[in-house]
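Written below as structure tokens is the structure these notes are about.
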Amino acid sequence: MDLKNKVIISCAVTGSIHTPTMSPHLPITASEISDNAIGAAEAGAAIIHLHARNPETGEPDQSLEAYQPILGVIKQASDCVLNLTTGGAMTMTVEERAKPAIELKPEVASLNMGTMNFGLFPMLNRYKEFKFEWERKYLEGSRAGFFRNTFADMEYILTECANNNTRFEIECYDIGHLYTLSHLADRGLVKPPFFIQSVFGILGGIGNHPEDIMMMKRTADRLFGDDFQWSVLGAGRHQMRVASIAAAMGGNVRVGLEDSLWAGAGKLAENNAEQVRMVRQILEGQGLEIATPDEAREILNLKGGDQVGF
């Protein structure tokens, strides 16, 4: 199978950044999240990156009980690769964040490469009122708080998942995070081929200028050679522009309502599939082919959907 011209589309369907007030289309309940995931997969996403939420309030929820109905429905309807977050939310302990990946043994789990400022508070300026009391406090908390991913946290996740044959979406928000991955690889805690997800445009991380994108790729090439697959996501309104630049450089792409609520200037995306279709049009316009879930499994050396714990 010739996979050289194949591009993997990942879709992050809800995340923990955006809150219910920001869009009526943000998936909150298990059925909304699973429907969005299935729709995104049908539109061309090979990998679905999942967070769960409290169905009543929309708060991030890393309990097994929150994930199980989502995973069961998606698995029955689609053969897409399911990727569970270990990022959870900034308000959670690493044990809470990692529990779904540890217990449910997914094909892929996300892994953040460093403690960082993660500024969500500027979004407070866009809304006078919030649907739920927790939203304002959560966003404001990012001003004085931080996203904790210490070496001990990363070691905990990698060690606890070591026997699951789960591979990782390595989330790198800055150049130094690539060097952290290199350090962990030198210690044998994570093994190639690496699936590096470069994140552009989060306040506290690297920006979204074309030079930032190129520098991230050049550094990864120098550190890891042919031992990695590169993917990108652009936060907010820069989502499609970042994807387009990276695709022209040979990268894979991630879209979804976790990363951006928009489907063009001033237009809220009605669902995740809409963004997948948009980025697919960009990719195919460049003469690229979209990887199927099984092709993504081969490219990333994944264990297969029949070897997960759900």
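Report whether or not Ile38 is surrounded by fewer than 23 Cβ atoms within 10 Å (Cβ to Cβ), within 24 Å of Phe130 (Cα to Cα) and over 15 Å from the mean Cα position of the chain (by Cα). It is false that Ile38 is surrounded by fewer than 23 Cβ atoms within 10 Å (Cβ to Cβ), within 24 Å of Phe130 (Cα to Cα) and over 15 Å from the mean Cα position of the chain (by Cα).
Just for the stretch 109-144: of the residues that are part of a loop (DSSP other than H, G, I, E, B) and of a type in the set (A, V, I, L, M), which one is surrounded by the fewest Cβ atoms within 10 Å (Cβ to Cβ)? Ranking the candidates gives Leu120 first.
Criterion applied to Leu158, Leu223 was being in a helix (DSSP H, G or I), over 17 Å from the mean Cα position of the chain (by Cα), within 25 Å of Lys303 (Cα to Cα) and modelled with pLDDT of 95 or more, and the one residue passing it is Leu158. When Pro100, Pro60 are screened for being over 24 Å from Glu42 (Cα atoms), in contact with a His (Cβ under 7 Å, 6 or more places away or on another chain), touching a residue at least 24 places away in the same chain (Cβ under 8 Å) and not polar (S, T, N, Q), only Pro60 passes. For first residues located in the stretch 284-310 and free of Cβ contacts under 8 Å to residues at least 60 places away in the same chain, partners that are exposed (fewer than 15 other Cβ atoms within 10 Å of the Cβ) and part of a helix (DSSP H, G or I) and lie 6+ apart or on another chain with Cβ distances below 8 Å form the pairs Gln286/Ala248. Only one entry of Val199, Val190 meets the criterion of being of a type in the set (A, V, I, L, M, F, W, C) and farther than 22 Å from Ile9 by Cβ, and that entry is Val190.
Being of a type in the set (Ser, Thr, Tyr) and under 17 Å from the mean Cα position of the chain (by Cα): is that true of Tyr138 here? Explain how you work it out, then say what you get.
Details: of a type in the set (Ser, Thr, Tyr): yes; under 17 Å from the mean Cα position of the chain (by Cα): no.
In short, no.
Filtered by the rule that a residue be of a type in the set (A, V, I, L, M, F, W, C) and either closer than 27 Å to Ala89 by Cα or not in a helix (DSSP H, G or I) (or both), the stretch 226-245 gives Phe228, Trp230, Val232, Leu233, Ala235, Met240, Val242, Ala243.
Would you pick out the residues in the stretch 256-278 that are in a helix (DSSP H, G or I) and of a type in the set (Lys, Arg)? Break it down stepwise before answering.
Keep residues of the stretch 256-278 that are in a helix (DSSP H, G or I), which gives 272-278.
Correct list: Arg277 only.
Listed here are the residues, each with its yes/no results for (1) out of contact with any strand residue (DSSP E or B) (no Cβ under 8 Å at 6 or more places or on another chain); (2) under 24 Å from Val199 (Cα atoms); (3) hydroxyl-bearing (Ser, Thr, Tyr).
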position: Ile17; (1), (2), (3): yes, yes, no
position: Ile28; (1), (2), (3): no, yes, no
position: Ile47; (1), (2), (3): no, yes, no
position: Leu50; (1), (2), (3): no, yes, no
position: Glu56; (1), (2), (3): yes, no, no
position: Pro60; (1), (2), (3): no, yes, no
position: Tyr67; (1), (2), (3): no, no, yes
position: Cys80; (1), (2), (3): no, yes, no
position: Ala101; (1), (2), (3): no, yes, no
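Restricted to the stretch 141-155, and to residues there that are within 21 Å of Val199 (Cβ to Cβ) and hydrophobic (A, V, I, L, M, F, W, C), the residue that is farthest from the chain's Cα centre (by Cα) is Phe151.
Filtered by the rule that a residue be aliphatic (A, V, I, L, M), closer than 20 Å to Asn252 by Cβ and part of a strand (DSSP E or B), the stretch 175-219 gives Ile196, Val199.
The values are calculated or read from the model by the stated rules, or taken from the named source; none is laboratory data. From a predicted model like this one, the values you see are computed outputs, not experimental measurements. So basically every Cβ, Gly included, is an ideal-geometry build from the backbone, and we count neighbours across all protein chains shown.
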